[in-house]
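Novice: Below are the structure tokens for one structure; questions will follow.
Please treat every number below as a calculation from the coordinates, not as lab data. What you see is a predicted model, and the numbers here were worked out from it, not measured in a lab. Here the Cβ positions follow ideal geometry from the backbone for every residue, glycine too, while neighbour counts run over all protein chains shown.
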Amino acid sequence: MTKAGSTEGNGKDKAKGKEKVKAKGKEKDKVKAKAKAKSKEMEIKAQDVKEEASIHFDCEFTTPVRMLFRQKRETLGLAYSSLAQIFVVNWSTVRKWEIGRTRYCNIRLRPIIEDYLNGKLDDLLIHCQREKLSRQSMPRNLTPKVANVLEKIENTYRLCINYPDLCEQLRKSLDELSVVMLKKLLDIHKK
């Protein structure tokens, strides 16, 4: 191949590379636009829920309260786990309140659940949901296999959360593994 031919090939490769970068940029913009649209949609829905009449909550999940509780959660686009974090309970407790398996809550939760039902926590919940969406829309340079492993680790930790010894064991194992891998990486770069 002549020198001119190889230069021409490199020019085409550079042009293709620039096109790929532009395409990735457009894809990122689309993801950001979707997240922004979803966020705006949640604000509008939250405003609709806020306009409902104020209710008094007496720690009993009656059928109307359960229906409002669920409607509000779904309207705001919240998972059981998101509400569970706010109320400092297990996600399954939130689910049981909604489906009626647990009819009453602890008295300490009455004020915060009443605030939730009356829309006083909407801004906080929307902000938290927005943050979650923005973290999800951030592109990660992970292969599907790595993402799968990280998801397994997260799920394992969540299952172990009520067993402090197992949580600590998992944390230590992961810490030791990362130290070993970093040492190997340093050894490779030293050579």
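Novice: Assuming R0 = 41 Å, can you tell me the calculated FRET efficiency for the pair residue 106 and residue 27, based on Cβ-Cβ distance, to the nearest 0.05? Don't jump to the answer; show the numbers that get you there.
Specialist: Numbers: r = 46 Å, r/R0 = 1.13.
E(calc), rounded to 0.05, equals 0.30.
Novice: Follow-up. Per residue, how big is the convex hull around the C-alpha atoms of region 141-191? Give it to me in cubic angstrom, could you? Walk me through the intermediate numbers first.
Specialist: Values: hull volume 3.6 nm³, N = 51.
Taking the convex hull of the Cα positions in region 141-191, it is 72 Å³ per residue.
Novice: Okay, next question. First measure r as the distance between the Cβ atoms of residue 115 and residue 36, then evaluate 1/(1 + (r/R0)^6) with R0 = 35 Å and state the FRET efficiency to the nearest 0.05. Present the calculation step by step, with values, prior to reporting the outcome.
Specialist: On the way: r = 27 Å, r/R0 = 0.78.
It comes out at approximately 0.80.
Novice: If we count every other residue with Cβ under 13 angstrom of residue 167's Cβ, Lys/Arg +1 and Asp/Glu -1, where does the sum land? Before the final figure, lay out each step's value.
Specialist: Details: positive: 158, 171, 172; negative: 154, 165, 168, 175.
For residues surrounding residue 167, the net value is -1.
Novice: Which of the peptides 114-123, 149-158 is most tightly packed, and how do the rest follow, judged by the mean count of other Cβ atoms within 10 Å per residue?
Specialist: Answer by packing, highest mean first, reads 114-123, 149-158.
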